[in-house]
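So the structure is just underneath, and the comments pick up after that.
The values are calculated or read from the model by the stated rules, or taken from the named source; none is laboratory data. These numbers were taken from a predicted model, which means no experiment stands behind them. Note that each Cβ is placed from the backbone with ideal geometry, even for glycine, and that neighbours are counted across all protein chains shown.
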Amino acid sequence: MLELRGVTKKYSAIPAVRDVSFVLKPGEITGYLGPNGAGKSTTIKMMAGLLEPTEGEILYQGHPIRQNMFAYKSTVGYVPEQSDVYKHMSAWDYLFMVGRLRGLSDLLLQTKVTELMQLLGLSSEMDMAMASYSKGMVQKVLLASALLHDPRVILMDEPLSGLDVTTALVVKDLLALLAQEGKIIIYSSHVLEVVEKVCSRVIIIDKGIIAADDSVENLSHLMNLPSLEEIFSRLVVSENPEITARGIAEAIKRGS
């Protein structure tokens, strides 16, 4: 179990996340939604141990993660929102580096990396510098590096960014399989229809504050709305998207 208790993160006294509390349970895929700047990535970076909360605490299996950050990080697989890799390295060398840092043997890595590159369609490019990779190819490497050590906690921040449709479908099915194995999974995304399909529970954050935390079915029932998109719009979208879209269309036609 992974728990956030009253977590706040401030930058120059300005809170990006304010008094956030929730519990993530094994076998559950939790969607984490919010508009840009809502605090999603900040929350996930704190859960990954990359940022320290200004207030509150994060607990794993009932113990504050700061008590033994090394042990906690060994259980975590993290796919960041931005594709930060050493692009002068090949995917093969990068994954070997990550695997060795995770304590995996070279013999095991030889098998794992080969299999993952084949399954992700990167076999022919795995010895090329990642500077030549497309965004989707780099994203595949990030997915592989996050899961290489079979983590118990999986933190995904826009994991489908740049991926082709086939790989995106594979990731959705993979998440379901990992949840069945009892992994703790949080999945942050702007693609609401994907979240609606893969997540058993949804947390919506707006301006750093939790606006909703429930299953999509319960939220639909409580708010009398048929889809996650409409729930999200009701809770956090201040303007009417259709009116804004018409305004943009009129603006670009002006003078034509």
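Some notes on this structure:
Yes/no per residue for (1) in contact with an Asp or Glu (Cβ under 6 Å, 6 or more places away or on another chain); (2) surrounded by fewer than 16 Cβ atoms within 10 Å (Cβ to Cβ); (3) outside any helix (DSSP H, G or I); (4) of a type in the set (Asp, Glu):
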site: Pro15; (1), (2), (3), (4): no, no, yes, no
site: Arg18; (1), (2), (3), (4): no, no, yes, no
site: Val23; (1), (2), (3), (4): yes, yes, yes, no
site: Tyr32; (1), (2), (3), (4): no, no, yes, no
site: Thr42; (1), (2), (3), (4): no, no, no, no
site: Leu59; (1), (2), (3), (4): yes, no, yes, no
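- Residue pairs whose Cβ atoms lie under 8 Å apart, separated by 6 or more positions or on different chains, with the first residue in the range 112-129 and assigned by TED's automatic domain parsing to the domain that holds Ala168 and the second hydroxyl-bearing (Ser, Thr, Tyr) and surrounded by fewer than 19 Cβ atoms within 10 Å (Cβ to Cβ), do not occur.
- Test: Leu95 is touching a residue at least 40 places away in the same chain (Cβ under 8 Å), touching a helix residue (DSSP H, G or I) at 6+ places or on another chain (Cβ under 8 Å) and closer than 15 Å to Arg152 by Cβ: no
- Test: residue in the range 137-155 that is touching a residue at least 24 places away in the same chain (Cβ under 8 Å), of a type outside the set (Val, Ile, Thr), farther than 18 Å from Pro26 by Cα and not in a helix (DSSP H, G or I): yes
- Residue check, Met69 of a type in the set (A, V, I, L, M, F, W, C), more than 21 Å from Gly208 (Cα to Cα) and free of Cβ contacts under 8 Å to residues at least 40 places away in the same chain: yes
- The residues of the range 63-81 that are within 18 Å of Val23 (Cα to Cα) and of a type in the set (A, V, I, L, M), listed by number, are Ile65, Val76.
- If only residues of the range 117-167 that are among the acidic types (Asp, Glu) and at pLDDT 90 or above are counted, the one that is surrounded by the fewest Cβ atoms within 10 Å (Cβ to Cβ) is Asp127.
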